[in-house]
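For reference, the structure is listed below as structure tokens.
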Amino acid sequence: MTRVVVVHHDPAVGAEQAALLRSAGYDAEACGGPLVEHCPVLEAHPCPLADRADVLVYDAWAAGSGESGHELIAQVRDLYADLPLVLTGVDEDLAWVETEGPERVTPLRGRPDLQRLTAAIESALADQGMAV
């Protein structure tokens, strides 16, 4: 079973996305991210949730602003370069989103439904290891 960690700035939305993923057969956990919980990643320390994950689903706004989100994703990539990462809530204001290279993510625009979210997760898993 694929283990997914969903990190969202709105705990209710994160819990909803995790529940959707569980209904589709994923082992999913939700995290409120650095706005809600202590985030070891921002201190360049491993995250116990990420350590158990096969794929990460991060809200682009999990750290508040777009620039803070960029810093968070850069830290995640530094610690977990080979771990597939789906970035939700992506919009045209986020010029920093990379689909290739060391900060590679699988971007997903708007609020994802189950079909789009699972498709993005499966795409990210298929591309695993290509970010390095």
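Once both labels are positioned 7 Å from their Cα atoms along Cα-to-Cβ, the gap between D93 and Q115 label points is 2.9 nm. Converting phi to 3J(HN,Hα) with the Karplus coefficients 6.51, -1.76 and 1.60 and the offset θ = phi - 60°, segment 11-20 yields x, 5, 5, x, 5, 5, 5, 4, 5, 4 Hz in sequence order, with x at every glycine or proline.
Under 8 Å for C-alpha pairs, at least 6 residues apart: give me the relative contact order for the chain, rounded to a whole percent. Before the final figure, lay out each step's value.
Details: 245 pairs, mean separation 29.3, N = 132.
Taking the mean separation of contacting Cα pairs over the length of the chain, I get 22 percent.
Taking a ≥ b ≥ c as the square roots of the eigenvalues of the Cα gyration tensor of segment 3-126, is the shape rounded (a/c under 1.5), prolate (a/b larger than b/c) or oblate? It comes out rounded by the Cα gyration axes.
First select every other residue whose beta carbon is under 14 angstrom from the beta carbon of R52; then total the charges, Lys and Arg +1, Asp and Glu -1.
-3
Helical content of the chain, expressed as a calculated mean residue ellipticity at 222 nm, amounts to -10500 deg cm²/dmol (DSSP H runs of 4 or more residues, -39,500 (n - 2.57) each, divided by residue number, nearest 500).
Coordinate-derived values only; no laboratory data. Fair warning: this is a prediction, and the values are worked out from it, not measured in the lab. With ideal geometry, Cβ positions are generated from the backbone for all residues, glycine too; neighbour counts draw on all protein chains shown.
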